[in-house]
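Notes follow the structure.
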Amino acid sequence: MALYSLIELVNVWKSYGAIDVLRGVNLNVKEGDFISIRGKSGAGKTTLLKIMGLLEAPDGGKLKLFGRAVNGLSDDERSELRLHNIGFIFQFFNLIPSLTVLENIELPLALAGVGGRERRRRACELLEYFGLKSLAERFPDTLSGGERQRVAIIRALANSPKIILADEPTSSIDDENSQLLMELLNKINGERRVTIILTTTDLYERLPTNRDFMLKDGRLIER
């Protein structure tokens, strides 16, 4: 049985002023893929993720999500599609410092209109599943970098997204925590069947991904 295409980019271009950041990028992401996109700083990796996550629009080319053309969607339609289908993991965690770990994980559920009791149940269930229940009442500034990034991953899973977009998720943590993070992402991809696309500036690191790309000179090449 053919796997379902979750993301399709066809000849996607993006420029900032006179600089062409993306120059005719093509990519077809299938359900269950675990994809790495490598490239040097400034290569356009973050821009590419933002386009796939409906945070930016391409200047040219076509983008489809879940078989649906999204170029002409309104801001509200894009936000709704993003909220219920895409989880984001950021380079610098983006946890809310005034909220506990549990409250941070509940936040996307609140934005999706999930009631308080159900929010708490789902957030606790995720912390339990990933063995981090002991962190529930702590605040982000009391956690290590590795703990914060794992919490950020769990928050990205709160609304049961079909896709996770991870922008250089290991760049702010040490090697040991980077390995733990990759094991966690691999578990999410394998056990929960979440499609993952991550970026990295490391051009040679072994990664548990099933597809590996290089973004260079605005073009995406499968390795």
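No value in this document is a laboratory result; all are computed from the given coordinates. Because the structure is predicted, anything quoted here is derived from the model rather than measured. Methodologically, a virtual Cβ is constructed for each residue, glycine included, from the backbone with ideal geometry; neighbour enumeration extends over all protein chains shown.
Brief remarks on what is shown
- Being of a type in the set (A, V, I, L, M), over 19 Å from residue 165 (Cα atoms) and touching a helix residue (DSSP H, G or I) at 6+ places or on another chain (Cβ under 8 Å) is a condition met by no residue of the stretch 80-91.
- Matching entry among 157, 181, 165 (being in contact with a Leu (Cβ under 7 Å, 6 or more places away or on another chain), surrounded by 14 or more Cβ atoms within 10 Å (Cβ to Cβ) and farther than 12 Å from residue 37 by Cα): 157
- Of residues in the stretch 8-35 being touching a residue at least 24 places away in the same chain (Cβ under 8 Å) and of a type in the set (Phe, Trp, Tyr), the one farthest from residue 220 (Cα to Cα): 34
- Residue match in the stretch 142-163 (condition: touching an Asp or Glu at 6+ places or on another chain (Cβ under 8 Å) and either free of Cβ contacts under 8 Å to residues at least 24 places away in the same chain or assigned to a helix (DSSP H, G or I) (or both)): yes
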